[in-house]
Every structure is written in C-alpha cells, then in structure tokens.
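All remarks here apply to the structure that follows.
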Amino acid sequence: MKRWLSFDLDGTLMQNPFGKAIFPELERLVAERLGRPYDVTQALTAEQERLFANRQWVAAYDWDQLACQLLRRLGLPGAPDIAALVQTYAAQPYCYLLEETVPHVLTQLRARGYSLAAVTNGFRKYQYPVLEALGLAEHFEQIVTPEAVNCAKPEPGMLLPLQQEGEVVAHVGDRLDHDVQLANRVHTLSVWICRSLPPEVRRIDPRKRISHPLVAACCEQKWAAECQRSGTTPLSAEQMPKVVIGSLAELLACF
C-alpha cells in the first residue's frame with residue numbers, strides 16, 4: 001500500500017501563467033474586437049463564482065469553455081484556445097517555482113518512501129505544461145484533476161484515486177477552503193503553507209503552531225480573503241489546519 005503525500009499546485013508549489021499572461025491576452029483580444037476596453041478577468045471570475053454557487057465544480061475550472069461563452073455573450077466571433085496559450089506562456093517570467101528548493105524537497109520526500117501526487121483544481125491541459133516546464137512533472141506518480149474525477153476540491157472524491165492505492169498521509173496546500181477543508185473532510189493530516197508567518201511563529205515546531213494566537217489570526221485573515229466574493233462565513237474547525245508551515249522545506253522536519 002502506498003503512503004501518499006498530496007500537493008496543491010498553484011500558490012503552493014508554483015505560479016501559473018494565468019494572471020501575468022493568459023488573462024491579459026484575453027483582455028487584449030476582446031478589447032481589440034469590441035473596440036473598447038473590457039474587464040475580461042472580472043467577467044470570467046463572476047461566472048466562475050456563479051458556477052461555484054450552483055455546485056458545478058468541474059465547469060467552473062474549464063477556462064476554454066468559460067472564455068467561449070463570454071465571447072458568445074459579447075457577440076464576438078472565434079474561440080480562444082486557453083490550453084494553447086498556456087503552452088505558449090509556460091516559461092519565465094509568466095510561471096515559476098514559488099521556492100527554489102521545491103524540487104529538492106520533493107526528491108527528499110520520495111527518497112523517504114512517500115508517493116507524491118498533485119491534487120489540483122486546474123484541468124490537466126492547463127497544469128501539465130507548467131509542471132513540465134518547471135521540472136516538476138517527474139516527481140508525481142499521479143496528477144488528479146477535476147475533469148478526471150468529476151469533482152473539485154474540497155470534495156472528498158478528489159482524493160479517491162489515491163485512497164484506492166493506499167493511504168493519504170497528508171495533503172499540503174495554501175487554501176483553507178480548498179486544501180485544508182479537503183484534508184479534514186477525509187480525516188487526513190491537513191498541512192497549510194503560509195509564507196507570511198510572523199517570525200516569532202516560525203521558531204515554533206510546525207506541528208504545534210496552530211495553537212499560537214498569531215496563527216489563528218492568520219487563518220482568520222486568509223479565510224476572509226477567500227470568502228470575499230461569496231460572502232464571509234465563520235471559520236470553522238473543518239477549515240483549521242493541523243500543521244502550519246512557512247516554507248515547503250519545513251515539510252522535511254515533519255515527514
């Protein structure tokens with residue numbers, strides 16, 4: 001039976017090219033065809049939030065379909081190929097590792113006997129080119145994406161492919177609503193990466209940090225930021241991490 005460590009990608013291991021390249025490219029394309037500026041990013045994220053509210057998790061992450069629908073609503077011809085744009089921009093400075101030590105940490109965890117998986121809400125066609133460009137693809141035995149399992153984080157089904165092959169020891173991610181909540185729902189170890197931890201917290205063992213009041217405050221701030229578009233709901237025990245790390249390298253002291 002495998003002992004899995006699963007990882008979120010965007011915001012945890014890497015930066016994808018959507019913010020710096022894909023959305024600006026769509027803005028340029030739409031403005032050119034409309035003859036005026038248009039806030040494509042706001043329109044797409046608003047539609048994504050609507051799909052979230054209707055629990056249409058998979059459709060909410062299908063950026064090709066979302067872009068096509070937007071162009072149709074605006075009466076514009078053509079269908080932008082988001083997956084092709086990702087291929088084009090899967091390079092510096094549009095995507096990059098969030099820490100230089102990411103490959104080393106993943107290598108060390110594999111050497112300690114763990115099987116590694118990427119569990120991401122991004123479709124494989126958007127994520128894999130970036131993983132390859134950054135030299136991360138080779139570290140993962142499985143890459144679990146919404147279109148493959150017909151759900152998205154924090155739905156427990158995201159971890160089912162791993163559970164069928166062994167035990168999910170922990171899930172590591174930067175979001176409380178997606179990553180921490182997912183891990184807690186399936187009763188595995190939730191590891192939250194927060195690179196803005198105060199210095200006095202970093203001196204504490206990552207497995208004991210959650211009891212520190214400054215960490216509780218960080219969780220509250222993060223939760224409020226994640227809920228800002230959908231309306232803030234109280235932070236519950238289900239969204240509270242068990243382990244808090246300030247860098248990926250701190251995982252090596254935990255596993």
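The values are calculated or read from the model by the stated rules, or taken from the named source; none is laboratory data. Because the structure is a prediction, the values reported are computed rather than measured. Cβ placement follows ideal geometry from the backbone for every residue including glycine, while neighbour counts extend to all protein chains displayed. Only protein heavy atoms, including side chains, enter the accessible area calculation; ligands, DNA and RNA are left aside. Shrake-Rupley method; radii C 1.70, N 1.55, O 1.52, S 1.80 Å.
Out of contact with any Cys (no Cβ under 6 Å at 6 or more places or on another chain) and crowded, with 19+ Cβ neighbours inside 10 Å: does that describe residue 111?
no
Would you tally the residues in region 152-211 being of a type in the set (A, V, I, L, M), part of a helix (DSSP H, G or I), in contact with a Phe, Trp or Tyr (Cβ under 8 Å, 6 or more places away or on another chain) and under 19 Å from residue 245 (Cβ atoms)?
Within region 152-211, residues that are of a type in the set (A, V, I, L, M), part of a helix (DSSP H, G or I), in contact with a Phe, Trp or Tyr (Cβ under 8 Å, 6 or more places away or on another chain) and under 19 Å from residue 245 (Cβ atoms) number 2.
Look at region 48-106 and say how many of its residues are farther than 14 Å from residue 123 by Cα, part of a loop (DSSP other than H, G, I, E, B) and open to solvent by less than 40 Å² (accessible area, probe 1.4 Å).
5
Please determine, by comparing only the residues of region 126-141 that are touching a Ser or Thr at 6+ places or on another chain (Cβ under 8 Å) and buried (at least 16 other Cβ atoms within 10 Å of the Cβ), which one is farthest from residue 244 (Cα to Cα).
Taking the candidates together, the pick is 127.
Of the conditions (1) open to solvent by 60 Å² or more (accessible area, probe 1.4 Å); (2) farther than 20 Å from residue 14 by Cβ; (3) under 17 Å from the mean Cα position of the chain (by Cα), residue 199 fails just one. Which one is it?
All conditions are met except number (3).
Which one of 86, 119, 102 is of a type outside the set (Phe, Trp, Tyr) and over 15 Å from residue 134 (Cβ atoms)?
So the residue among 86, 119, 102 that is of a type outside the set (Phe, Trp, Tyr) and over 15 Å from residue 134 (Cβ atoms) is 119.
Exactly one condition in (1) crowded, with 21+ Cβ neighbours inside 10 Å; (2) more than 20 Å from residue 101 (Cβ to Cβ) is false for residue 169; which is it?
Against the list (1) crowded, with 21+ Cβ neighbours inside 10 Å; (2) more than 20 Å from residue 101 (Cβ to Cβ), residue 169 comes up short only on (1).
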